[in-house]
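One structure below.
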Amino acid sequence: MRQIIYFIKKFRYFLLFIVLETLAFIVIVHDYSFQQSKFVNSANSITGGVYNKVNAISAFFYLKKDNQLLSEENVRLKNLLEEKENKFVLDSFTVIDSSQYFQKYNYSVAKIINNNFTKRNNFLTINKGARHGLAPDLGVINSKGIIGVIKNVSSNYATVLSLLNTNSKINVRLKNSNHFGTLVWDGKDYNISQIIDIPRQALVKEGDTIITGGKSAIFPEGISVGVVKDFKYEHNKYQIINILLFNDMSAISEVQIVKNLHKDEQITLEQRVVNE
Amino acid sequence: MVYIAWVFLYPVKKTRSLFLVLSFLLGISIDFFSDSGGVNAFAITFIAYFRLPILMAVLRKSDLDYTQFNLKMLSVNRIVLFISILTIIHHFIVFSLEYFSFREFLNIITNTVLTSIFTILISFLGITLFTKKNR
């Protein structure tokens, strides 16, 4: 017994070092497994509160740009509305049956209070949380395109797994054909993402628009992502397809949260097929 | 990642356990804000533990007068050497844990070197400009 106490006394500094390093390593390992609620993140009230304060000041300087973005989106939506009205005029016998009406997606606004884009695994923090009806695995978009998927929520804040994260995988497709692939990021340039798993018979050209595929139960179909910058076709398959993102991920502030109201229904149905 | 200047500037004392715990807390609070798991906590605890052996190696001494010691007393190239070794170790750990694959080894090295240059520059400037000279 005395030997043990002597040993601990002699090596207490080293033991403390080992204990602290193990603690840090456990946190790292926890962090690597997605889906698990992690302990160290910026969605808690202290860090979220600090980011909120900082953002309240810096947001003032981006007012002009935000206004411009909003008016651009307004124009786009007005054009859509105009198209729709014209359609109604053309086939004037359209019957709107409210019993068949259903809402699939629900949008809410939030504000980014912390943004990373220089690291390899980037996260954003937004100023809405569980109290505002957010939950993990909801999509985050803005007027120009997709931004990421919610990872963790606390009562007032949420962290978002950015597009610019090597763990991010989002279903996308070509706008002019229905061939789909997966959007990933290689961790190098924050303006450029990559698409993998595009089938070899798909025709890809430089400048093709990429939109979300709507197979993922997170994002609605048809949200713009970016355009094809360049690609390499070797050994009868697409090796690399680089995508220039529409969003400048270094300058985003107002975002919208997409909630798929039919998500559970879709997932349980798909699960049933798998289990059979 | 200039926050590691804490490790350079914390006075060298006999009671090193407190320093180790404080370094760990600093690292974990950086992690809280940057969503990086425990990567920074791991790295800063590591360099905090190996600070004294490295300092001894840089000074080529086996014993040190703890009460009298001050980083400013060293010559410029010794300070730079001391800072550089700790910074490069720290950044290498951070980037290798962040990438976590051998395939990205080249990326880890380039990132470590480039980030280290700026960290060393800024922390050296900070130390020379903002610490008191006691003579």
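The values are calculated or read from the model by the stated rules, or taken from the named source; none is laboratory data. Everything quoted here is computed from the prediction, not taken from an experiment. Here the Cβ is made from the backbone with ideal geometry for all residues, glycine too, and neighbour counts use every protein chain on show.
Restricting the stretch B:62-104 to residues that are touching a Leu at 6+ places or on another chain (Cβ under 8 Å) and at pLDDT below 75 leaves a set whose member that is nearest to B:Thr45 (Cα to Cα) is B:Leu71. It is to be established whether one or more residues within the stretch A:126-144 are modelled with pLDDT of 85 or more, buried (at least 21 other Cβ atoms within 10 Å of the Cβ), over 11 Å from A:Met249 (Cα atoms) and within 14 Å of chain B (Cβ to nearest Cβ). Yes, the conditions are met somewhere in the stretch A:126-144. The residue that is farthest from the other protein chains (Cβ to nearest Cβ), counting only those in the stretch B:90-124 that are under 18 Å from B:Trp6 (Cβ atoms) and touching a Phe, Trp or Tyr at 6+ places or on another chain (Cβ under 7 Å), is B:Ser123.
What strands (runs of 3 or more DSSP E), lying completely within the stretch A:125-232, carry at least 3 residues that are among the aliphatic types (A, V, I, L, M) and within 30 Å of A:Thr47 (Cα to Cα)? Spell out the reasoning first.
Details: elements: A:139-141, A:146-153, A:158-165, A:170-174, A:180-184, A:192-196, A:209-212.
Counting at least 3 such residues, we get A:146-153, A:158-165.
Counting only residues that are under 11 Å from the mean Cα position of the chain (by Cα) and among the hydrophobic types (A, V, I, L, M, F, W, C), which one in the stretch B:13-51 is farthest from the other protein chains (Cβ to nearest Cβ)? Ranking the qualifying residues of the stretch B:13-51, first place goes to B:Ile47.
For beta carbons closer than 8 Å, sequence separation of 6+ or different chains, a first residue in the stretch B:45-62 that is within 19 Å of B:Asn77 (Cβ to Cβ) and a second that is polar (S, T, N, Q) and surrounded by fewer than 20 Cβ atoms within 10 Å (Cβ to Cβ), the qualifying pairs are B:Met56/B:Ser62. The single condition from (1) modelled with pLDDT under 90; (2) over 21 Å from B:Tyr3 (Cβ atoms) that B:Ile30 fails is (2).
Only residues that are out of contact with any helix residue (DSSP H, G or I) (no Cβ under 8 Å at 6 or more places or on another chain) and at pLDDT below 90 were counted across the stretch B:111-127, and they come to 1.
Taken together, the criteria exclude B:Asn77 from residues that are within 14 Å of another protein chain (Cβ to nearest Cβ) and either surrounded by 15 or more Cβ atoms within 10 Å (Cβ to Cβ) or part of a helix (DSSP H, G or I) (or both).
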